[in-house]
Amino acid sequence: MKKLFQKSILLLFSTSLVLTSCNEENSEQNLNAKSKADLYLKSFYKTNYHLGKSVEGRMLNSNISDNARTIEFEDVVLEEIFIGDEERARGYIVTDKATDEFLYFVDVDRINFKLTAYDPSVNETIIKENIHLLQEWAESNKLDFVKLFEEYNQAMSTGNQERRRFWGWTEWTKVGGCDEGWQTVIRKHYILGVRDDIEYNEVRC
């Protein structure tokens, strides 16, 4: 009986060590993820910033094919970024809800009508000019991405809306029929669920 008790204590102690180790590892990973985002934001803005309102939601996994039979979502958090004592959010950052991984960043320059988007996974920066010409500019009070993200999640939850990418290009899609051996195809580009570009091409059919 005494040996059984000792084994039970040893097992509980071992389990406690494993759980503590896992918790410490997860905390360290989350800290590293937040540090990466913090370093990037300090480098980009070169001044003090603070985070504002945050919104939780689900984004359509951008790595999934448009023709996939199943839809995969990722739980994410979108947060406002304020510069200095400005009263309106200047930027927006998206992180993974579970791991705090830095997923996407967008800066909206509403004076010069320029948007800067960054994807840390591939270290890609996209700059868009004349953003006041986008349909969403007026509809979302000059690209309020908190409002846009809420609308994106509402649209995706209905199951009847266009399967908008959250980020990046869609696959090429055929438009119309075959005309004298040629077929029109299009693809669309999205930034935080907002379509900012569209391309057309002709392929043999």
Inset, instruction - Could you pull out the residue among E129, E101 that is charged (D, E, K, R) and within 14 Å of the chain's Cα centre (by Cα)? - result: E101
Legend entry - Total residues in the stretch 160-170, condition of a type in the set (S, T, N, Q) and open to solvent by 70 Å² or more (accessible area, probe 1.4 Å): 2
Legend entry - the stretch 168-198: number of residues that are in contact with a Gly (Cβ under 7 Å, 6 or more places away or on another chain) and of a type in the set (D, E, K, R): 0
Inset, instruction - Could you grab me the full set of residues in the stretch 106-159 that are part of a loop (DSSP other than H, G, I, E, B), among the hydrophobic types (A, V, I, L, M, F, W, C) and surrounded by 15 or more Cβ atoms within 10 Å (Cβ to Cβ)? - result: F113, L134, L143
Legend entry - Residue identified as in contact with a strand residue (DSSP E or B) (Cβ under 9 Å, 6 or more places away or on another chain), farther than 16 Å from F166 by Cβ and not acidic (D, E) among Y92, Y49, Y104, Y118: Y49
Inset, instruction - For I127, state whether it is modelled with pLDDT of 95 or more, on the phi < 0 side of the Ramachandran plot and out of contact with any Lys or Arg (no Cβ under 7 Å at 6 or more places or on another chain). - result: no
Legend entry - Flag if N130 is farther than 14 Å from V194 by Cα and of a type in the set (S, T, N, Q): yes
Legend entry - Within the stretch 121-148, considering residues that are without any contact (Cβ under 8 Å) to a residue 12 or more places away in the chain and in contact with a strand residue (DSSP E or B) (Cβ under 8 Å, 6 or more places away or on another chain), the one farthest from A89 (Cα to Cα): E124
Inset, instruction - Could you pull out every one of the strands (runs of 3 or more DSSP E) wholly within the stretch 1-97 that has 3 or more residues that are among the β-branched types (V, I, T) and either open to solvent by less than 50 Å² (accessible area, probe 1.4 Å) or modelled with pLDDT of 50 or more (or both)? - result: 73-83, 91-96
Inset, instruction - Take the residues in the stretch 171-200 that are open to solvent by 40 Å² or more (accessible area, probe 1.4 Å), in contact with a strand residue (DSSP E or B) (Cβ under 7 Å, 6 or more places away or on another chain) and not in a strand (DSSP E or B), then tell me which one is modelled with the highest pLDDT. - result: W172
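The values are calculated or read from the model by the stated rules, or taken from the named source; none is laboratory data. Not measured: the values here are computed from a predicted model. Ideal geometry is used to build each Cβ from the backbone, glycine not excepted, and the neighbour counts take in all protein chains shown. Heavy atoms of the whole protein, side chains included, go into the accessibility calculation; ligands, DNA and RNA do not. Shrake-Rupley method; radii C 1.70, N 1.55, O 1.52, S 1.80 Å.
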